[in-house]
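K.L.:
Below is the structure I would like to discuss, written out as structure tokens.
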């Protein structure tokens, strides 16, 4: 019973909506055309307005990532230095080996051997040609921080909004298929 009542209410609602739209001179085709023009127009204007802010946010995210990487590197260095300090305090053999190596000290009767040359770490291998990463939504929106793209998006958005208004004007003749 409720299902039948709900269906009748829905039918009555949509019948009134169609009658109201028809009295305004709007057909369902006109409304859909207006929405299809209005939505991208509003999106283009929104992108042109939000582009500079997205560019700033992206810069802040990149700076934050760089600072976080530096913090992680410094934390690793701190841990390594703490381990060396502990070894120097607790291990007399490590202390003697380190002093002999760093200062070049030898005991009487010993002969000083040349020290090994420390090599620089090898450069990382070239990146493999794997799949390219897709840009994030923020990176795409940040492209609209460019003044030329902002202008083009704004003009396109306004043109689409004007077209949506023109299409939705009442009193236009409907094209017969």
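The numbers here are math on the coordinates, done by the rules we state, and not lab data. Predicted model, so just to flag it, every value in this text is computed and none were measured. Using ideal geometry, Cβ is built from the backbone for each residue, glycine included, and neighbour counts are taken over all protein chains shown.
K.L.:
Order by neighbour count: 48, 34, fewest other Cβ atoms within 10 Å first, most last.
P.N.:
Neighbour counts put them in this order, fewest first: 34, 48.
K.L.:
Ranked by Cβ crowding within 10 angstrom, fewest neighbours first, how are 38, 151 ordered?
P.N.:
Ascending Cβ contact count within 10 Å gives the list 151, 38.
K.L.:
Can I ask one more? What is the order of 56, 100, fewest Cβ neighbours within 10 Å to most?
P.N.:
Fewest-to-most ranking of 56, 100: 56, 100.
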